Amino acid sequence: MSKKIPERLRILIAERANFKCEYCRIPDLGAGISFHIDHILASKHGGMTTLENLAYCCPECNIFKGTDFATFLFGNEKSIRFFNPRKDEWEEHFENVDGLIQFKSEIGQATINIFQINNFSRIFIRQQLIELGLYP
C-alpha cells in the first residue's frame, strides 16, 4: 500500500522534473489530469518514500509501470531494469522523433515496452503538443 506523499515533497518532486513526466516527458498542463508521484523502486520491493526514490510521472506511465522495476526483453533470459530518472540520463536511453520515442538501449526498450509509451494515443498526444510548441 502506498503512503501519502507530503505536499511539500510532492512540490519538490514536480519542480525538480520541471512539471514533466520523467519517463515520457509529457508536460503536466494542469488540465484536470493529476500527475502521480512514482516510487521508482516500489515500497513492496523495499523502496522508500524519499526524494531519491520518487519520480514525477504521468498517469499512463505510472499505471503501466505499476510496481514493476524490470522486465525480460523478447527472447532474453536476463531481466532488464527500467529507466531510473535518478540514475540515468534520458538522452542515453531514448530519442524523440516527431512524438515517437525510440530506444537507444535495452533499458530504453524495456521501459518503452512495459510503459506502452508508443501506443497510438500517446504518440498522437505528443504530436499535438509538438505542434503547439509544448513538447518536449
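Odds and ends about this structure:
- One residue from F115, F103 being in contact (Cβ under 8 Å) with a residue 40 or more places away in the chain, crowded, with 18+ Cβ neighbours inside 10 Å and in contact with a helix residue (DSSP H, G or I) (Cβ under 8 Å, 6 or more places away or on another chain): F115
- For region 78-93, the count of residues that are part of a strand (DSSP E or B), under 24 Å from L134 (Cβ atoms) and in contact with a strand residue (DSSP E or B) (Cβ under 9 Å, 6 or more places away or on another chain) is zero.
- Evaluation of Q127 against (1) outside any helix (DSSP H, G or I); (2) over 11 Å from the mean Cα position of the chain (by Cα) (one fails), failing number: (1)
- Leading residue by the ranking (surrounded by the fewest Cβ atoms within 10 Å (Cβ to Cβ)) among those in region 1-54 that are of a type in the set (D, E) and in a helix (DSSP H, G or I): E7
- Selection over region 95-109 of residues that are closer than 20 Å to Q128 by Cβ and in contact with a strand residue (DSSP E or B) (Cβ under 7 Å, 6 or more places away or on another chain) gives a count of 3.
One line per residue, one yes/no per condition, for (1) in contact with a strand residue (DSSP E or B) (Cβ under 6 Å, 6 or more places away or on another chain); (2) at pLDDT below 95:
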position: L12; (1), (2): no, no
position: R25; (1), (2): no, no
position: A31; (1), (2): no, yes
position: A55; (1), (2): yes, no
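- Number of residues in region 57-79 that are touching a residue at least 40 places away in the same chain (Cβ under 8 Å) and either surrounded by fewer than 12 Cβ atoms within 10 Å (Cβ to Cβ) or not charged (D, E, K, R) (or both) equals 5.
- Verdict on D68 being among the acidic types (D, E) and more than 17 Å from P136 (Cα to Cα): yes
- Among the conditions (1) among the hydrophobic types (A, V, I, L, M, F, W, C); (2) loosely packed, with under 12 Cβ neighbours inside 10 Å; (3) in contact (Cβ under 8 Å) with a residue 40 or more places away in the chain, F83 misses just one, which is (2).
Residue-wise test of (1) more than 19 Å from G46 (Cβ to Cβ); (2) at pLDDT below 95; (3) over 14 Å from the mean Cα position of the chain (by Cα).
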residue: C61; (1), (2), (3): yes, no, no
residue: K65; (1), (2), (3): no, no, no
residue: A70; (1), (2), (3): no, no, no
residue: F74; (1), (2), (3): yes, yes, yes
residue: N84; (1), (2), (3): no, no, no
residue: K87; (1), (2), (3): no, no, no
residue: W90; (1), (2), (3): yes, no, no
residue: F94; (1), (2), (3): yes, no, no
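- Hits in region 96-111 - residues which are assigned to a helix (DSSP H, G or I) and over 14 Å from the mean Cα position of the chain (by Cα): E106
- Residues within region 8-57 that are under 18 Å from T111 (Cβ atoms) and of a type in the set (K, R), tallied: 2
The values are calculated or read from the model by the stated rules, or taken from the named source; none is laboratory data. Because the structure is predicted, anything quoted here is derived from the model rather than measured. Virtual Cβ from ideal backbone geometry, glycine too; neighbours counted across all protein chains shown.
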